[in-house]
Amino acid sequence: MTNYVHTMMTYINEEPLVFNTVLSQYQTKLKSFIEFSQNHKIKRCLILATGSSYNAALCAKYCLENKANILVEIKEPFNFNYYENLDTQIDLVIAISQSGKSASTIDALDKIKAVNIPIFVLTANTQSPICDKTDYLLDINCGIETVGFVTKGFLMTVLNLYLMALIMGKQNNVLTHEQYDKCIQQLLQIGQMIPRIIEQSLAFFNQHRAALVNYNRFIAIGYGALFGVTKEFETKFTETVRLPSTGYELEAYMHGPYLEANKQHCLFFIEDSYHDNGQYDRSLSLKNYISSYVGETFTIAIGNSLSLNKNLNINIKVDHHFTPLLTVIPLQILAYHVAEAKNIDLRIRIFDDFDKVLKSKI
């Protein structure tokens with residue numbers, strides 16, 4: 001009998017069930033945070049994270065600021081620890097490490113503890129080394145992924161940060177009970193939509209497989225809350241497809257990076273057509289302009305994109321701040337299947353001694 005080998009798709013296919021589990025259990029799993037927010041007026045928050053955890057924080061930053069009316073700063077823990085000053089006006093620190101073994105994040109917490117700022121650790125591994133450094137332990141509640149390229153852990157980290165935003169918003173009287181309940185209902189609707197998005201994404205890859213395997217440079221462009229999605233695209237495609245891959249904020253791409261455009265480039269535009277404050281139209285304008293200079297442009301859109309290019313449309317209208325939960329799933333699936341189509345066997349570990357030699361993880 002051969003042992004079952006888990007892949008990225010194993011965990012992507014678990015996302016609908018785990019998403020609903022997190023939503024049904026958050027009042028228990030986030031109990032210490034709920035109690036803290038009831039007893040403390042939170043105005044400023046520092047998030048320490050690296051890699052996919054950093055990208056998850058980027059996806060949640062504007063939701064945290066908008067729903068809870070707080071200021072959020074996200075920092076890479078190594079630079080923060082060795083080169084940056086600590087703002088002592090911060091009300092709490094959220095350290096994110098899905099594995100709980102990130103050495104730089106763990107080391108940085110000593111700097112926080114020295115000035116007695118409350119620390120919350122958000123992790124999928126509640127028996128990991130980082131748990132010894134925290135005042136409050138929060139379980140992402142998704143289990144541990146044995147594949148190095150995290151997918152469901154990323155999605156559930158974002159979801160937990162959204163729930164924390166809503167909790168603070170209610171306690172800070174930014175959200176009424178009705179607004180809070182409406183947000184929870186939207187999250188439940190997103191959970192119900194995930195199986196359909198997985199199905200759509202697989203069909204999208206199969207339809208465009210021949211084109212996707214031909215490119216040697218991949219770029220994602222997004223705006224607002226979707227900027228964090230482009231950075232996770234950058235991480236996942238770099239890890240799996242192992243070709244130059246970059247995520248750009250829409251306007252940032254227009255200020256220089258477009259000059260490298262050529263026919264070997266494959267661009268993904270991440271859009272929200274339901275909420276247009278000028279950004280959606282600007283994304284369309286850039287796409288229409290650049291499409292003749294690059295090999296291919298694809299669109300992953302909330303709603304129906306007006307683009308004439310190849311689209312994956314996700315037809316559910318939700319708060320813009322929640323759109324990363326919907327748009328990151330197609331990119332996770334594409335990262336896995338494009339790598340597979342390029343004959344990259346992700347089951348074979350490379351640089352297997354990296355963490356041991358560089359001591360990046362404990």
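Here Val338 does not qualify as more than 26 Å from Glu15 (Cα to Cα) and over 15 Å from the mean Cα position of the chain (by Cα).
For Lys170, the conditions (1) surrounded by 24 or more Cβ atoms within 10 Å (Cβ to Cβ); (2) out of contact with any strand residue (DSSP E or B) (no Cβ under 9 Å at 6 or more places or on another chain); (3) assigned to a helix (DSSP H, G or I) are fulfilled apart from (1).
One residue is enough: does region 241-256 have a residue meeting the conditions without any contact (Cβ under 8 Å) to a residue 12 or more places away in the chain, within 23 Å of the chain's Cα centre (by Cα) and surrounded by fewer than 16 Cβ atoms within 10 Å (Cβ to Cβ)? Checked region 241-256: at least one residue is without any contact (Cβ under 8 Å) to a residue 12 or more places away in the chain, within 23 Å of the chain's Cα centre (by Cα) and surrounded by fewer than 16 Cβ atoms within 10 Å (Cβ to Cβ). The listed residues are Val229, Val213, and the only one of them that is β-branched (Val, Ile, Thr), under 24 Å from Tyr11 (Cβ atoms) and surrounded by fewer than 23 Cβ atoms within 10 Å (Cβ to Cβ) turns out to be Val213. Restricting to region 266-294, what's the tally of residues that are within 20 Å of Leu325 (Cα to Cα) and open to solvent by 20 Å² or more (accessible area, probe 1.4 Å)? Here the count works out to 5. Among the conditions (1) over 17 Å from the mean Cα position of the chain (by Cα); (2) surrounded by fewer than 21 Cβ atoms within 10 Å (Cβ to Cβ); (3) within 18 Å of Leu325 (Cβ to Cβ), Glu65 misses just one, which is (1). Once region 150-166 is narrowed to residues that are among the hydrophobic types (A, V, I, L, M, F, W, C) and out of contact with any Leu (no Cβ under 7 Å at 6 or more places or on another chain), the residue that is surrounded by the most Cβ atoms within 10 Å (Cβ to Cβ) is Phe154. Scanning region 12-35 for residues that are open to solvent by less than 10 Å² (accessible area, probe 1.4 Å) and either free of Cβ contacts under 8 Å to residues at least 40 places away in the same chain or part of a helix (DSSP H, G or I) (or both) yields Ile12, Glu15, Phe19, Val22, Phe33.
Taken as a whole, region 322-337 holds no residue that is open to solvent by 20 Å² or more (accessible area, probe 1.4 Å) and under 20 Å from Cys183 (Cβ atoms).
Only residues that are open to solvent by 50 Å² or more (accessible area, probe 1.4 Å) and either within 23 Å of Gly100 (Cβ to Cβ) or hydrophobic (A, V, I, L, M, F, W, C) (or both) were counted in region 338-362, giving 14. Contact map, region 327-346: residues that are among the basic types (Lys, Arg) paired with residues that are part of a loop (DSSP other than H, G, I, E, B), Cβ distance under 9 Å, separation 6+ or inter-chain. Pairs shown: Lys342/Val213; Lys342/Val241; Lys342/Arg242; Lys342/Leu243.
Being of a type in the set (Asp, Glu) and either under 24 Å from Thr230 (Cβ atoms) or crowded, with 21+ Cβ neighbours inside 10 Å (or both), is that true of even one residue in region 104-121? No, region 104-121 contains no residue that is of a type in the set (Asp, Glu) and either under 24 Å from Thr230 (Cβ atoms) or crowded, with 21+ Cβ neighbours inside 10 Å (or both).
Considering Phe227, Phe218, Phe205, Phe237, which residue is touching a residue at least 40 places away in the same chain (Cβ under 8 Å), touching a Cys at 6+ places or on another chain (Cβ under 6 Å) and not in a loop (DSSP other than H, G, I, E, B)? Result: Phe218 is the single residue among Phe227, Phe218, Phe205, Phe237 that is touching a residue at least 40 places away in the same chain (Cβ under 8 Å), touching a Cys at 6+ places or on another chain (Cβ under 6 Å) and not in a loop (DSSP other than H, G, I, E, B).
Comparison of Glu271, Glu260 shows that the only residue that is at pLDDT 95 or above, touching a helix residue (DSSP H, G or I) at 6+ places or on another chain (Cβ under 9 Å) and acidic (Asp, Glu) is Glu271.
Checking the conditions here, which among Gln189, Gln200 is surrounded by fewer than 18 Cβ atoms within 10 Å (Cβ to Cβ), touching a residue at least 12 places away in the same chain (Cβ under 8 Å) and either in contact with a strand residue (DSSP E or B) (Cβ under 7 Å, 6 or more places away or on another chain) or more than 18 Å from Thr299 (Cβ to Cβ) (or both)?
Every option except Gln189 fails the conditions.
Could you say whether any residue in region 139-146 is open to solvent by less than 10 Å² (accessible area, probe 1.4 Å) and over 17 Å from the mean Cα position of the chain (by Cα)? No, region 139-146 contains no residue that is open to solvent by less than 10 Å² (accessible area, probe 1.4 Å) and over 17 Å from the mean Cα position of the chain (by Cα).
The values are calculated or read from the model by the stated rules, or taken from the named source; none is laboratory data. Treat the numbers as computed from the prediction; the structure is a model and nothing was measured. Note: ideal-geometry Cβ built from the backbone for every residue, glycine included; neighbour counts use all protein chains shown. With ligands, DNA and RNA removed, areas are computed over all heavy atoms of the protein, side chains included. Shrake-Rupley method; radii C 1.70, N 1.55, O 1.52, S 1.80 Å.
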